[in-house]
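Inspection log for the structure reproduced underneath, given as structure tokens.
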Amino acid sequence: MATITTYYHGDMKFETVMGNHKLIIDVPEGMGGQDRGPQPPQLFIASIGSCVAALIAEYCEHHDADASDMHVDVSFKKEPNPTRLTNIKVKVTLPHVSWQDKRQEEALKRVAQHCPVHQTIETVDDIEFEIIGKGTDEKALA
């Protein structure tokens, strides 16, 4: 199983390590953030957009379609109680691709929907949390 690790460096600054890559993560100003990096919900939305972009680009390359200048906009709303992201909308713009018919557009939509991030959101059963610290047995489930 792959693991990505996030370290807390104090002052509400976090560093996430993914293989050879490191990313600084921050939180909203109301939580003490200082705009030193993206916030977790932004990363979540960015993972959807970049995943869709990668699959669409790969599809276009295999079908001789010009994906240059493509961009993917992902819009969302943040809702309280419970705090969550809603109304996620993914819009893919391919300025150099002309549709011959509606089937091509539908094929690209199916490709986008097969993004592993989207598939995970659609099918996740449960996320297990384990908290480890000092104390008896050093484990407690949250």
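For this structure, a couple of remarks:
- For the chain, modelled as a GNM whose springs connect Cα atoms under 10 angstrom apart, the maximal fluctuation among GLU58, GLU128, GLU15 occurs at GLU128.
- Helix runs (DSSP H) in the chain reaching 27 Å along axis by Cα, Kyte-Doolittle at least -1.0: 40-62
- Bridging of LYS13 to lysines at a Cα separation below 30 Å is possible for LYS22, LYS77, LYS78, LYS89, LYS134, LYS139, once same-chain residues fewer than 8 apart are set aside.
- Relative contact order of the chain, pairs being alpha-carbon contacts under 8 Å that are 6 or more residues apart, as %: 14
- Positive-end residue, the chain charge dipole about Cα centroid, Cβ charges, pick of THR5, ASN87, LEU43: ASN87
- Computed FRET value (nearest 0.05) for GLU58 with MET1, which takes r as the C-beta separation and R₀ as 35 Å: 0.90
- Residues of region 2-17 with an amide N closer than 11 Å to a point placed 7 Å from the Cα of ILE24 along the Cα-to-Cβ direction: 13-15.
- Gaussian network model of the chain, Cα within-10 Å springs - most flexible of ILE48, ILE56, ILE131: ILE131
- Within the chain, longest stretch free of exposed trypsin sites (Lys or Arg not before Pro) [DSSP loop, at most 13 other beta carbons within 10 Å]: 37-133
- Debye, to nearest 20: dipole size of region 39-123, +1 on Lys, Arg Cβ, -1 on Asp, Glu Cβ: 520
- Cut-off of 10 Å, at most 13 other beta carbons, DSSP loop: longest stretch of the chain lacking such chymotrypsin sites (Phe, Trp or Tyr not before Pro): 1-98
- Considering only GLY33, GLY49, GLY19, the Gaussian network model of the chain with Cα springs below 10 Å gives its largest mean-square fluctuation to GLY19.
- Taking a straight line from the alpha carbon of LYS109, these aspartates and glutamates sit under 20 Å away, with near neighbours fewer than eight places off in the same chain left out: GLU58, GLU61, ASP64, ASP66, ASP69, ASP73, ASP101, GLU122.
FYI, it's all coordinate maths here, none of it is from the lab. Predicted model, so just to flag it, every value in this text is computed and none were measured. We place every Cβ from the backbone using ideal geometry, glycine too, and count neighbours over all the protein chains shown.
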